[in-house]
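Quick note: the coordinates plus some simple rules give every number you see, no bench work behind them. Treat the numbers as computed from the prediction; the structure is a model and nothing was measured. With ideal geometry, Cβ positions are generated from the backbone for all residues, glycine too; neighbour counts draw on all protein chains shown.
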Amino acid sequence: MSTYDARFRVWRGDQDGGDLEDFTVEVHDGEVVLDIIHRLQATQAGDLAVRWNCKAGKCGSCSAEINGRPRLMCMTRMSVFDRAETITVTPLRAFPVVRDLVTDVSFNYAKAREVPSFVPPPGVAAGEYRMQQIDVDRSQEFRKCIECFLCQDTCHVVRDHEENKTAFAGPRFLMRVAELDMHPLDAAAESGLDRRRTAQEEHGLGYCNITKCCTEVCPEGIHITDNALIPLKERAVDRKYDPLVWLGSRIRRRDERTT
Ligand code: SF4
Ligand code: SF4
Ligand code: FES
């Protein structure tokens with residue numbers, strides 16, 4: 001087994017400020033960045049704060065920025081870096097720092113709560129739902145999400161624009177809206193909930209200009225932009241330019257104003 005010394009630069013601090021700190025740390029064959037952070041904790045920086053759980057790319061907790069790119073620390077092999085390069089590890093930039101590499105991701109939980117859940121179809125008992133395999137496959141892709149929030153962190157709409165956070169749900173939760181809107185058994189429309197309208201007016205779909213940066217960092221390889229955001233935009237536009245839908249929504253809004 002071969003070992004070498006790597007140079008690491010890790011952000012240390014809290015909400016009041018902080019700085020990058022340099023370390024030289026031993027690396028063994030087959031290790032990932034999270035192993036090195038753990039070795040730092042064990043040998044040189046006992047109070048270094050880091051969040052992790054599974055070390056298998058499944059819990060979504062070890063998200064950080066490695067050399068400026070949002071990644072899972074447990075799924076980033078040391079072998080992808082040149083041995084001479086200094087590896088910089090910083091907390092997710094789009095969320096407030098708690099301490100060191102740990103950020104407060106509660107923005108995402110708040111956005112999750114704003115998406116109304118699946119509305120069961122009336123008159124169909126649980127266990128009797130039937131769907132085409134193609135519809136199952138479509139939502140299955142979105143269900144692979146491990147809620148690491150790397151896509152949320154990388155999206156330029158909120159990354160450097162705190163002011164957009166109120167109006168924009170971010171790719172992960174627009175994908176959730178898309179999943180529900182595409183679900184053939186979702187009875188939201190029958191219950192008066194227009195998911196395409198809320199995507200535009202409440203979750204900020206219009207802010208997304210389909211740059212695909214979210215897709216590029218997704219560790220699950222979900223085609224967030226191509227399979228969720230673009231189809232959701234198309235469905236929202238269809239709704240807007242369908243004359244019957246337009247007329248119906250005008251009448252409904254007029255009724256809402258007069259009652
Ligand atoms: S495609 Fe849309 S949601 Fe994804 S990073 Fe770009 S602007 Fe953000
Ligand atoms: S869609 Fe991908 S990048 Fe975004 S939270 Fe889910 S797993 Fe992470
Ligand atoms: S520790 Fe669970 S995804 Fe990295």
Subject >> Nearest-ten-degree value, helix 171-182 long axis tilted from longest Cα axis of the chain >> reply: 30 degrees
**OP:** List the residues whose amide H sits under 5 Å from the amide H of Thr88, counting only those 5 or more places along or on another chain, with H placed 1.01 Å from N in the peptide plane.
**Re:** Arg9, Asn67
Original post:
Helix 243-258 versus the longest principal axis of the chain: what angle, 0 to 90°, nearest 10, using Cα atoms?
Top reply: 90 degrees
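Calculate the tail of P(r) for the chain: the fraction of all Cα-Cα distances greater than 22 Å, expressed in %.
Of the Cα pairs, 61 percent sit more than 22 Å apart.
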Original post:
For Val32, which sequence-distant residues (separation of 5 or more, or a different chain) have an amide H within less than 5 Å of its own amide H, given hydrogens modelled in the peptide plane?
Top reply: Met78
Original post:
Put +1 on the Cβ of every Lys and Arg and -1 on every Asp and Glu Cβ in region 106-258; which of Leu174, Thr225, Cys148 then has its Cα farthest towards the positive end of the dipole?
Top reply: Leu174
**OP:** For helix 33-43, report the angle its Cα long axis makes with the longest principal axis of the Cα atoms of the chain; keep it between 0 and 90° and round to the nearest 10°.
**Re:** 50 degrees
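Helix-only mean residue ellipticity at 222 nm, the chain, DSSP H runs n ≥ 4 weighted -39,500 (n - 2.57), per residue, nearest 500. What is it?
Values: 10 runs with 91 residues, N = 259.
My calculation for the chain gives -10000 deg cm²/dmol from helical runs alone.
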Original post:
Over region 3-103, one equal point on each Cα, no solvent: what is log10 I(q)/I(0) by the Debye formula at q = 0.10, 0.19, 0.22, 0.24 Å⁻¹?
Top reply: -0.23, -0.89, -1.23, -1.47
Subject >> Rough spin-label spacing in nm, given labels placed 7 Å along Cα→Cβ, for Lys144 and Arg69 >> reply: 1.8 nm
Subject >> Distance violations [Cα-Cα > 22 Å] among Lys55/Lys165; Lys55/Lys212; Lys111/Lys212; Lys58/Lys165; Lys58/Lys233 >> reply: Lys55/Lys165; Lys55/Lys212; Lys58/Lys165; Lys58/Lys233
Subject >> Volume of the Cα convex hull of region 106-258, divided per residue and given in Å³ >> reply: 136 Å³
Original post:
Can you pull the Kirkwood radius for region 75-176, inverse mean 1/r over Cα pairs, to one decimal in Å?
Top reply: 17.0 Å
**OP:** Within 10 Å, count the other beta carbons around each residue, average over each peptide in 152-159, 223-230, 22-29, 120-127, and list them highest first.
**Re:** 152-159, 223-230, 22-29, 120-127
Subject >> Leading residue at positive end of dipole, region 106-258 (Cβ point charges), from Ala189, His161, Ser117 >> reply: Ala189
